[in-house]
Amino acid sequence: MPFAAAAMAEPLAAAVHAVARGTDAEDVGVLGGGPMGFMLCALLRSEERTVTVADRHAERRDQAVGLGARACERLDSHALVFEAVGRPETWRAAAAAAQPGGVVVLVGGCPRGSSVELDPGPLHYDELELRGAFHHSRAEVDRALQTLTALDLSSLLSETIALEELPVALAHSGGRAVKWVVDPRA
C-alpha cells in the first residue's frame, strides 16, 4: 500500500467506528463534505446504501457525486444522519434532518466550551436518538486498512508536501476536500 494511502487508515478507522454507531438504515444523510464526511459516504456507499451529502460548497458537492452520493446544500429528512462538521449549528441542522424515530451520529466534535441548544420536541415526541462517535479501536484500524485496499479514496489525498509548507496549505484549504499528506523529510 502506498505511504499516502496508508496515512488515511487513522481517519478512516474513525469513520468505520462512526458507521458502526449508526443503524442499518438505507436512507442516509451526511452533513459535511470534508474528508470525514466523504469517508463516511464511501463506507456507506460500499454497503450499497443511498447517501445524500450536504455541503455549501459546489466543488464539494461535485466530489460527493463522484463518490456515488446525491448532493445538496441542505439535508431533507433521513432515517440516519451523520454530522461531520463539528459546529453547534450543524449539530442542530443534523438533528432537524432526522426522521421521527431516526438516529443522528455526531462525528464532528464542537470546539471546547461550546454549547448546543436543541429543540426538545423531536427528542421526546419523535423519539429522535443522538449518538456520539469519537476515535476508534484497534479492530477498527485493522478494518480500515483492509477497506483501503477495496475503496478508492485517492480523490481525498493531496499532493505530498513538506512540513514547512503545511501552514500555507491549511490557510488556503477551501474548495475541494483533501487530507494533506505531509512528509517531514521532504
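Only the coordinates and a few stated rules stand behind these numbers; no lab work does. What you see is a predicted model, and the numbers here were worked out from it, not measured in a lab. Don't worry about glycine lacking a Cβ; one is built from the backbone with ideal geometry, like all the others, and counts go over all protein chains shown.
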| Spherically averaged projected area of the chain from its Cα convex hull (nm²) | 10.8
| Which listed residue (Val51, Ser137, Pro184) has the Cα farthest towards the positive end of the charge dipole for the chain, taking +1 on Lys and Arg C-beta and -1 on Asp and Glu C-beta about the Cα centre? | Pro184
| request: With +1 on each Lys and Arg Cβ and -1 on each Asp and Glu Cβ, and nothing else charged, work out how big the dipole of the range 13-110 is about its Cα centre, in Debye to the nearest 20. | output: 220
| query | In the chain, with Lys and Arg counted as +1 and Asp and Glu as -1 at Cβ, which of these residues, Ala71, Ala13, Pro120, has the Cα nearest the positive end of the dipole, that is, farthest along it? | reply | Ala13
| field | Residue-count net charge about Leu166 - beta-carbon cut-off 13 Å; Lys, Arg +1, Asp, Glu -1 | value | -3
| note | Counting as exposed only trypsin sites (Lys or Arg not before Pro) in DSSP loop states with no more than 16 other Cβ atoms inside 10 Å, the longest exposed-site-free span of the chain is 113-175
| said: Taking R0 as 30 Å, what FRET efficiency do you get between Ala150 and Arg87 from their Cβ-Cβ distance, rounded to the nearest 0.05? | reply: 0.40
| task | Please report, in debye to the nearest 20, how large the charge dipole of the range 46-186 is about its Cα centre when each Lys and Arg carries +1 at its beta carbon and each Asp and Glu carries -1 there. | result | 160
| request: Please work out the FRET efficiency for the pair Glu26 and Ala171, using the Cβ-Cβ distance as r and a Förster radius of 45 Å; give the result to the nearest 0.05. | output: 0.65
| query | Taking 0.36 nm per intervening residue step and subtracting the Cα-Cα distance, what contour gain separates Glu164 from His135 on full extension? | reply | 7.7 nm
| query | Simple spin-label model, 7 Å along Cα-to-Cβ: Phe3 to Leu118 in nm? | reply | 4.3
| query | If we count every other residue with Cβ under 11 angstrom of Gln63's Cβ, Lys/Arg +1 and Asp/Glu -1, where does the sum land? | reply | 0
| note | Those GluC sites (Glu not before Pro) from the range 1-81 that are DSSP loop and have at most 16 other Cβ neighbours within 10 Å turn out to be Glu26, Glu47, Glu48, Glu73
| remark: In debye to the nearest 20, the charge dipole size for the range 1-68, taken about the Cα centre with +1 at each Lys and Arg Cβ and -1 at each Asp and Glu Cβ, equals 180
| request: Work from the charge dipole of the chain (Cβ charges, +1 for Lys and Arg, -1 for Asp and Glu, about the Cα centre) and give the residue of Ala97, Cys110, Ser158 farthest towards its positive end. | output: Ser158
| message | Order these by the 10 Å Cβ neighbour count, fewest first: Glu165, Glu117. | response | Glu117, Glu165
| said: Give me the net charge for the shell around Pro122: Cβ to Cβ below 12 angstrom, other residues only, Lys and Arg +1, Asp and Glu -1. | reply: -3
